[in-house]
Amino acid sequence: MSKEAMKSYGYQIVDALVEHHSTQNEKLPVALGSREEMDSLFLEEAPEEGTDPTQVLNFVLEKVMTTSTLMSHPKSYSFVPGPSNYVSAMADTLATGYNIFSGGWAASPAAAELEIVTIQWLLKIFGFPKKKGGGIFTSGGSMANLTALATARRIKCGDDFSKAVIYLSDQAHSSNIKAIRVLGFKKEQIRIIPTDIEFKFAVNKLKNCIAKDRLEGLHPFCLIATSGTTNTGTVDPLIELANICKKEGIWFHIDGAYGAAAILSQKGKQLLKGIEKADSLTVDPHKWFYQPYEMGCLLVRNHKHLSHTFTEKPEYLRDIEGNTSEINFYDHGIQLTRRFRALKFYMSLKTFGLKEFRDAITYNIDLADKVESKLRKSAFWEVVFPATLAVINFRYNPIEKNYSEKQLDALNQYISEKVVASRKALLVTTLLHGQVVLRMCLINPRTTLEDIQETFELCERFATEKEQQL
Ligand code: PLP
């Protein structure tokens with residue numbers, strides 16, 4: 001491409017992005033499409049001949065970008081939304097545009113330094129030791145959990161993990177079990193501890209389980225707590241769990257992929273007390289630190305634990321080793337070639353300042369509290385689990401109707417299906433103690449009470465429709 005052609009192409013993309021960011025709220029958040037429909041749009045042989053770049057771009061803007069659910073939309077309430085921000089999106093464009101290799105010091109000292117600096121910001125935010133502590137940016141929370149568990153196994157078990165046992169609650173995110181399986185643990189080595197009525201780790205059951213395992217000659221080596229469960233935003237009793245781990249010599253991992261960022265708010269800070277006691281902590285900036293995908297992070301109490309776990313010294317990397325006192329991030333995690341994730345975090349924090357992040361997170365938590373009060377005043381809605389770290393679970397359950405549990409499940413499932421099919425909001429269900437409930441995760445600072453009011457009105461319309469069939 002000529003310089004002029006590159007400019008024109010780039011400007012078209014920036015124009016499209018600016019247009020998207022400034023009109024996103026008016027768009028429908030949900031995209032629907034069957035495999036057949038997608039095949040009919042996109043399936044073709046790899047083209048032998050090229051096509052005019054603008055033509056390809058316009059096709060993509062028209063067909064691909066419009067057929068993708070907008071996780072940054074104010075009415076995307078489900079799974080964990082990705083609110084993102086424009087500065088970080090531009091930073092990612094820069095990092096990709098320069099194609100910076102963010103693996104080793106010698107290849108890109110500034111990229112390595114920015115990862116060190118931003119990781120240090122996070123270490124301070126979470127009260128981890130500044131000098132000894134360390135961390136690494138990953139593709140997301142799942143990879144951060146995998147990195148943590150590989151490290152825990154290396155440090156606590158060495159090469160023989162045949163007797164090792166790992167503990168997590170029935171509310172731990174599925175990425176943890178996936179990581180445990182990927183690491184080669186057998187079913188018999190995994191203890192899923194029930195949670196109490198508030199969905200918190202049942203500490204006494206955990207203690208009994210550890211004692212029993214010790215009696216049987218097994219090796220309890222790692223415990224995974226969650227600070228902000230995906231279902232309800234519940235924070236496990238971190239201080240109690242930390243004490244158990246300390247006493248038992250167990251690695252204490254906290255999966256804070258969903259909720260850890262809440263530490264920037266006053267309420268979150270209270271709830272997350274004890275988070276600083278973890279041996280390793282998963283944080284997921286592409287969730288509540290408002291970064292675009294993909295950006296997860298693992299923080300560790302002792303950075304040497306990462307290098308002990310992941311260092312390999314092949315001859316073909318001899319020349320990029322650099323001075324041995326410097327950090328090569330490929331020795332701190334699974335990836336060798338890595339994109340420059342730190343840049344977006346660095347640029348957005350420098351641009352907005354931590355205060356802006358604190359305000360946004362506080363707004364999110366307060367918004368969920370307001371939604372809870374609103375629901376509690378209504379004769380149609382039941383709060384199934386109180387707003388916690390900006391997550392709220394509720395169901396349509398009109399007081400005077402006395403519907404059976406089966407009817408309520410059908411009603412709420414129907415509401416969610418119809419809302420999603422209308423494409424006007426992304427609101428799906430989860431199961432709490434076997435009940436079908438609607439779950440809103442309100443981490444988008446652009447979501448307003450009016451958005452939520454409109455969504456409830458939509459839900460009530462569909463509820464009335466279904467009630468006529470009951
Ligand atoms: N852990 C928790 C508590 C989560 O809520 C999630 C995702 O929602 C993950 C881990 C996985 O993170 P990711 O989707 O970034 O891999």
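The values are calculated or read from the model by the stated rules, or taken from the named source; none is laboratory data. Source: prediction; values computed, not measured. Note: ideal-geometry Cβ built from the backbone for every residue, glycine included; neighbour counts use all protein chains shown.
Determine which member of the set 385, 357 is within 25 Å of residue 26 (Cα to Cα), in the same structural domain as residue 459 (by TED's automatic domain parsing) and of a type outside the set (D, E, K, R).
Details: 385 fails: within 25 Å of residue 26 (Cα to Cα).
Testing whether each residue is within 25 Å of residue 26 (Cα to Cα), in the same structural domain as residue 459 (by TED's automatic domain parsing) and of a type outside the set (D, E, K, R) leaves just 357.
Keeping to segment 123-163, report how many residues are more than 16 Å from the ligand (Cβ to nearest atom), surrounded by 23 or more Cβ atoms within 10 Å (Cβ to Cβ), more than 26 Å from residue 186 (Cα to Cα) and not aromatic (Phe, Trp, Tyr).
Residues meeting the conditions: 2.
Consider segment 281-318. How many of its residues are more than 30 Å from residue 444 (Cα to Cα) and either among the hydrophobic types (A, V, I, L, M, F, W, C) or within 14 Å of the ligand (Cβ to nearest atom) (or both)?
The qualifying residues number 3.
Here's the yes/no breakdown for (1) exposed (fewer than 13 other Cβ atoms within 10 Å of the Cβ); (2) among the basic types (Lys, Arg); (3) in contact with a strand residue (DSSP E or B) (Cβ under 6 Å, 6 or more places away or on another chain):
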| position | (1), (2), (3) |
| --- | --- |
| 7 | yes, yes, no |
| 48 | yes, no, no |
| 57 | no, no, no |
| 61 | no, no, no |
| 100 | no, no, no |
| 104 | no, no, no |
| 113 | no, no, no |
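Answer yes or no: is there a residue in segment 21-43 that is at pLDDT 95 or above, over 22 Å from residue 447 (Cα atoms), surrounded by 11 or more Cβ atoms within 10 Å (Cβ to Cβ) and among the polar types (S, T, N, Q).
No, segment 21-43 contains no residue that is at pLDDT 95 or above, over 22 Å from residue 447 (Cα atoms), surrounded by 11 or more Cβ atoms within 10 Å (Cβ to Cβ) and among the polar types (S, T, N, Q).
Can you name the helices (runs of 4 or more DSSP H) wholly within segment 16-135 that have at least 1 residues being touching a helix residue (DSSP H, G or I) at 6+ places or on another chain (Cβ under 6 Å) and aromatic (Phe, Trp, Tyr)?
86-98
Yes or no, residue by residue, for (1) without any contact (Cβ under 8 Å) to a residue 60 or more places away in the chain; (2) assigned to a loop (DSSP other than H, G, I, E, B):
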residue: 270; (1), (2): yes, no
residue: 285; (1), (2): no, yes
residue: 288; (1), (2): no, yes
residue: 297; (1), (2): no, no
residue: 306; (1), (2): no, no
residue: 313; (1), (2): yes, yes
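Return yes when residue 396 is surrounded by 20 or more Cβ atoms within 10 Å (Cβ to Cβ) and in contact with a helix residue (DSSP H, G or I) (Cβ under 9 Å, 6 or more places away or on another chain) and no when it is not. Quick ask: steps written out before the conclusion?
On the way: surrounded by 20 or more Cβ atoms within 10 Å (Cβ to Cβ): yes; in contact with a helix residue (DSSP H, G or I) (Cβ under 9 Å, 6 or more places away or on another chain): yes.
Yes, satisfied.
Return a yes/no flag: does segment 218-233 have any residue that is more than 19 Å from residue 164 (Cα to Cα), touching an Asp or Glu at 6+ places or on another chain (Cβ under 9 Å) and either among the basic types (Lys, Arg) or not in a loop (DSSP other than H, G, I, E, B) (or both).
Within segment 218-233, one or more residues are more than 19 Å from residue 164 (Cα to Cα), touching an Asp or Glu at 6+ places or on another chain (Cβ under 9 Å) and either among the basic types (Lys, Arg) or not in a loop (DSSP other than H, G, I, E, B) (or both).
So how many residues does segment 362-380 have that are under 21 Å from residue 260 (Cα atoms) and touching a Pro at 6+ places or on another chain (Cβ under 8 Å)? I'd like the intermediate steps shown before the answer.
In the first step, residues of segment 362-380 are kept if they are under 21 Å from residue 260 (Cα atoms); the result is 362-369.
Add one more test, that the residue is touching a Pro at 6+ places or on another chain (Cβ under 8 Å), and what stays is 363-364.
Residues in segment 362-380 being under 21 Å from residue 260 (Cα atoms) and touching a Pro at 6+ places or on another chain (Cβ under 8 Å): 2 in total.
So which residues in segment 245-268 are under 19 Å from the mean Cα position of the chain (by Cα) and within 14 Å of residue 233 (Cα to Cα), if there are any at all?
Residues satisfying the conditions are 254, 255, 256, 257, 258, 259, 260, 261, 262, 263, 268.
Only residues that are among the small types (Gly, Ala, Ser), away from the ligand (no atom under 11 Å from the Cβ) and crowded, with 24+ Cβ neighbours inside 10 Å: list them for segment 215-264, please.
261, 262
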